[in-house]
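Working notes, beginning with the structure itself.
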Amino acid sequence: EGSTTLIAGPSGTGKTILSLQFLVEGLKRGESCFYMGFEESKDQLFRNAMGFGWDLESFERDGLLTVSCVYPGDKLLEEHLRDIIRVVEEKKIKRCVIDSLSALSNNFDRNSVSEFSLRLNGFLKNHGVTTLFTSITGAVIGSSTLAESKLSSITDNIIMLRYVEMQGRLESVINVLKMRGSTHDNDLKRYRITDKGIVVEESLTNYEGVMTGVSKKIAELQQESEELREALQAKEETERKLMEYAKRFEQLFNNIVDAVVIVDSKGNFLEVNDTVEKVTGFKKEELIGKNFLKMPIVTRKSKMILIKNLMKRMAGMKIKPYTVTVLTKDGRKIPYEVNAARIEYNGEPADIVSFREITHRSSTENTIEPKILENLSQKIFQKNKDLIYVYVNDAYANFLGYPVEEILGKTDYELLGKEAEKIESEDKQVISTGKTFLFKETIKNDEIYTIKIPLFDEDEKIDGICGMILENPILSEEKPSEKELEEKWI
């Protein structure tokens, strides 16, 4: 009696119903009551009250109840305060409801409303009036903050109404946050709005998280906690095994004798083993994350070969082993046989590529080839891009009438004189076009047919020409045309 209580909660939780229920109990005891409303009209208030069996209109006729429903902006705050003071003093009010302070806050600045609330609260307490203030909180579900913070600090009691989710249903919960001068029940309790008003039910002693708006039974939380603990243990065990597998893979990967790399679908290095470092001179950190197209690690021609085969593997085609030339950091060129396979690396498609050195095999081939050419009856020669002889076999040397050693290092001008003019012109045509040609030439007064092909270096630049004099190129009894000769020989 004579205390002030703040009832706070989101819209629709029953603040006005609880306030009217408080007044009706006083009216039944013959106490003079006052309702000051800023949100509903008097007619609407009376209709809503009749839904709970409360005939407020009859109490008003009997003079026990005074009801004032006005729009906050119709008067100044000072005028509202004077009206309330006048009614309280004239009617000797014992119970009072101010519904709601939030409506005033929507029409006046916060400082003015706070000052109004403090003055009104002081007046009502001095006159021994038991008062309920209502206020709307922001959050619909879960914990809420009190907008009228100054009033909440000076009121004697605070009652919170809120919504919470419980097992898939929206429930209403009430609790006493504050009761000055006495101990009080701290439990959160369910309540229902019935045709008799608000009925408070059992405490929510078996639930946690109600204040957050999403409640769960303690047993459910314990079960979830146990499941989470087991999941974390399983995760830790999986991570431990993955670390072991990663360590084994690294050991195996780095102990492979061949150079091995893993590249993604764009050609970026993902992994390189220790052999790559030893062979190329490039450190792992210089390669990983870089694109092989932008690194001087293979020749230009080899890059094109690698790109072509990478695209074929991406399309699902099987690729046979092929040869590329690797460039070391110090500029050496080493031939390698390449084997590649499509794999999944960290959940993404990638290629694992192994490089097996074939220097010994290549050098063997290079020493055998000249011996084979020496034993051929065909007249074969090779010139560099300056048209200087770098190789001739015995058959060609005998045809020119010079020992092999006297031909090497010389040009046709030095060996053939004027006959060399046409030959040099034809050689330059092969070098400039990069195409294979069949030429009719005259050497030592003999009319011959010579096929000439361009030679390319590792960077696909023309490095010289190779030629062979054709023996008996006649295709029919008549003298063949150039087209016939090309169809047969080129």
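The values are calculated or read from the model by the stated rules, or taken from the named source; none is laboratory data. Bear in mind that the values here come from a model prediction, so they are computed numbers and not experimental data. For neighbour counting, all protein chains shown are included, and Cβ atoms are generated from backbone atoms with ideal geometry for every residue, glycine included.
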Discussion item. If the requirement is being in contact with a helix residue (DSSP H, G or I) (Cβ under 9 Å, 6 or more places away or on another chain), farther than 29 Å from ASN175 by Cα and surrounded by 16 or more Cβ atoms within 10 Å (Cβ to Cβ), which of these qualifies: PHE52, PHE59, PHE38, PHE34?
Written reply: PHE59
Worksheet, complete the sentence: Flagged in segment 383-436 as in contact with a helix residue (DSSP H, G or I) (Cβ under 7 Å, 6 or more places away or on another chain), within 16 Å of THR450 (Cα to Cα) and among the acidic types (Asp, Glu), in numbering order, are ASP412, GLU424
Response to the item:
Taking segment 232-288 and keeping only residues that are in contact (Cβ under 8 Å) with a residue 24 or more places away in the chain and part of a loop (DSSP other than H, G, I, E, B), one is left with ILE256, ASP258, SER265, LYS266, GLY267, GLY281, PHE282
Practice prompt. From THR238, THR325, grab the single residue that is buried (at least 16 other Cβ atoms within 10 Å of the Cβ) and hydroxyl-bearing (Ser, Thr, Tyr).
Written response: THR325
Practice prompt. Provide a single number: the residues in segment 175-193 that are in contact (Cβ under 8 Å) with a residue 40 or more places away in the chain and over 19 Å from ASN157 (Cβ atoms).
Written response: 1
Discussion item. If I filter segment 32-42 for residues that are part of a helix (DSSP H, G or I), more than 22 Å from ILE136 (Cα to Cα), free of Cβ contacts under 8 Å to residues at least 40 places away in the same chain and not β-branched (Val, Ile, Thr), do I get at least one hit?
Written reply: no
Item to complete: Only one of these is in contact with a Pro (Cβ under 6 Å, 6 or more places away or on another chain) and of a type outside the set (S, T, N, Q): PHE34, PHE38, PHE52. Name it.
Response: PHE38
Discussion item. Every residue in segment 394-425 that is in contact with a Lys or Arg (Cβ under 7 Å, 6 or more places away or on another chain) and surrounded by 18 or more Cβ atoms within 10 Å (Cβ to Cβ), please.
Written reply: ALA395, TYR396
Worksheet item: Going by the conditions given, is SER11 under 18 Å from ILE174 (Cβ atoms), in the same structural domain as ASN175 (by TED's automatic domain parsing), surrounded by 20 or more Cβ atoms within 10 Å (Cβ to Cβ) and in contact (Cβ under 8 Å) with a residue 12 or more places away in the chain?
Response: no
